[in-house]
Amino acid sequence: MPMTCVDDEEEEDGYVEYVPARERKRQRLGMLAAGSAKKRGGAARGGGDGGNSASGAKDTQTQRSAPHAVAATTPAVAATPQGNDAPTPGQPPSDAPKMQSNTSLLAQTLAIRAAQAHETEAERLYKEELELLRDVTEKRALMSAKELATDNKGNAQISDGKIAIETGWRPPEKLRRLTEKERREMRDELGIIAEGTEVPPPIDSFAAMKLPRALVRRLDEDGIVKPTPIQMQGLPVILSGRDMIGVAFTGSGKTLSFLLPLLMACASAEMKAPLTRGTGPVGLVLCPSRELARQTYEVLIKFSNALTMPSNAAGAGGETPFRNLVHMLCMGGVDAKPQMDQLRVEPVHGMIATPGRLKDYLNRRRITLSRCTYLCLDEADRMILDNESGGFEEDIRHVLSFFEGRRQTVMFSATMPTKIKDFAKSALIEPIMVNVGRAGAANLNVTQEVDYVKDDAKAPFLLECLQKTAPPVMVFSSNKDDVNHVLEHLLLAGVDACAVHGDMDQEDRSASTDAFKRGEKDVLIATDVAGKGLDFANIQHVINYDMPKELEMYVHRIGRTGRGGKRGMATTFVNRADSESILLDLKHLLVEAKQRIPPFLAAIDDPADHYDELEKLSGTRGCLYCGGLGHRIAQCPKLLWEGEAKARGMMVTLGNERKMYGAEM
């Protein structure tokens, strides 16, 4: 078929569009039907005037004589079968801005380019960022529509357009009377950001939160007299039955924010309908590592014993004693028989678990979640990552499929990038976001120092750094070989040190952490997996033997010190092996925390200086995906690393246990 070349002017003025055979056939049938109707005296074809009729006849003749082309009355719009919506020849169509299905690709491209003519470079980049973020955050919701709309009895739980768990708890009357403006002023004074509908007011006293006096006394004994900001706002939100996403720096009291409501939920369920043997749990907490699960379990037992101890009987404090509450630690790496025996002989009210072992018990029907109404994901940013990136996303989805009714879900972490927040919202019902400080910001109680140290000089320099503060000290490294090397070096130097990493048996790991906690060891060397979320009292100094690939992990590491309002110190070794992107993120984090910037970091060319207009458009500083302040999402090293990890298949499955970067069974 011969091709005719036209110049741009001809293309603008007399371009005849190609119409597929199926469309041409449909148009011809329409015109034939209209012609038959006219002969029978029916409705006139076209817009009702003779001009259109003549034009229609001309179009019919054109199609018969040239079956491979259809004459168009305008360059951009083809005639419709009935002609009712066709524009008058020479006049623009009424819906000219809209793209028609048979518009050529060239015409569509010209229209798009015209629309983009007035678009600034920052607007174009922002659109690209939103498209990229949408691609990486499109995930399935973590709960079904049926579950969202029913409680344990199948009854709808919709009240004022939202769904909530009924707990019977309400704030004190004087606080309920506060206006929204007064509540907002209280939060501003405390540095709390709360997003959501009908947010309860912050409460600055444990007693005013209506906690049992036994719990308040135990808190006083531990020196916890006043709630931290995350507790002032987080506890009222959770006690009122609302779903919540809590973001606060490490050491800010997040653990008590979800354990105290868990105890109240367990006690309430036991009083209403006592659990029988083999039933439970009522409350469930999922943790990314065994050490964190074990540590959380110990805190739960301590406060549960205070709540149910005999001294709380009536007459010894004026309170009716709570029934005995039974809790369970469900994690891998230990003998499963004692856990199985416990599940057979007694009920379980509260459970602290790692996803792998819990998933195994659910599949074997050793545990049922029929009465579970409270779920917490601790260190949520690591819990809901893709499996290839070291998280438990698929395992968590599998666990949540065993819930049989409405549950209250809360998530806590020190970092919560936009990608994680958007994904978490799909799992929660109208959640309230409680944020103390910027998500991903470092603890301001920690003095941060960054030193340029070559690889072969790290071990000797480490001994110098240990002289900066008194013990206890934690040393972090990204790989297990370095952990073993540092441990050997310190032991030869006469330092009382121990180590924890993923290749060690659970018994050895527990022995190391217990010895460090008791003060028998001065230094603990750990990988990120083993050290995630661990809370040791009075850590004076954290040393990063290497700079982690993600700034989020750096924040978690240095958060082991400076906890509970105390001061701490963090020293980080960097060198040429570290990417410029992560060093820029570190530089911005130091600036935000008003720390000293070493000359070698200050000398790095910073592209963020040119992001001002882009930040105004997006309303967000730094990366929308990981929260790093030194780059945008298009240059995100974490996004690149996760893509490479998936491509290489870096997850290795060994039986039921997974060896991954961010979490474990």
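The numbers here are math on the coordinates, done by the rules we state, and not lab data. Treat the numbers as computed from the prediction; the structure is a model and nothing was measured. Note that we place each Cβ from the backbone using ideal geometry, even for glycine, and neighbour counts take in every protein chain shown.
For the reader, a short list of remarks on this structure follows.
- Our summary of shape: the Cα atoms of the range 184-304 have principal axis extents of 49, 32, 29 Å, ordered from largest down, in whole angstrom.
- Here the gap between GLU298 and ALA21, fully extended at 0.36 nm per residue and compared with their Cα-Cα distance, gives a gain of 92.3 nm.
- A crude spin-label estimate for the pair ALA273 and GLU520, with each label 7 Å from Cα along the Cβ direction, gives 4.7 nm.
- Summed residue charge, Cβ within 12 Å of GLN231's Cβ, Lys/Arg positive, Asp/Glu negative: +1
- Debye equation applied to the C-alpha atoms of the range 229-284, log10 I(q)/I(0) at 0.16 Å⁻¹: -0.54
- Relative contact order of the range 446-604, defined on C-alpha pairs under 8 angstrom at six or more residues apart (%): 31
- Highest mean packing first, where packing is the average number of other Cβ atoms within 10 Å per residue, the peptides 407-414, 335-342, 510-517 line up as 407-414, 510-517, 335-342.
- The stretch between LEU29 and GLU182 holds 48.1 nm of extra length on full extension. This uses 0.36 nm per residue minus the Cα-Cα distance.
- When the C-alpha to C-alpha distance is required to be over 25 Å, the pairs from LYS454/LYS480; LYS521/LYS638; LYS549/LYS594; LYS480/LYS549; LYS359/LYS638 that qualify are LYS521/LYS638; LYS359/LYS638.
- Proximal charge balance of GLU580 [Cβ under 14 Å; K/R count +1, D/E count -1]: -1
- In angstrom, the C-alpha Rg and Dmax of the range 446-604 are 14.9, 47.
- A simple packing score, the average count of other Cβ atoms within 10 Å per residue, orders the peptides 323-331, 259-267, 592-600 as 259-267, 323-331, 592-600, with the highest score first.
- Considering only ALA470, ALA497, VAL591, and ranking their Cα positions along the charge dipole of the range 446-604 that arises from unit charges at the beta-carbon of Lys, Arg, Asp and Glu, the one farthest toward the positive end is VAL591.
- Beta bridge orientation in the range 446-604: antiparallel %, DSSP, nearest 5: 0
- Pairwise Cα inverse-distance average, inverted: Kirkwood Rh of the range 514-611 (Å): 14.9
- Spread over its residues, the convex hull of the C-alpha atoms of the range 468-521 is 84 Å³ per residue.
- Highest mean packing first, where packing is the average number of other Cβ atoms within 10 Å per residue, the peptides 428-434, 248-254 line up as 248-254, 428-434.
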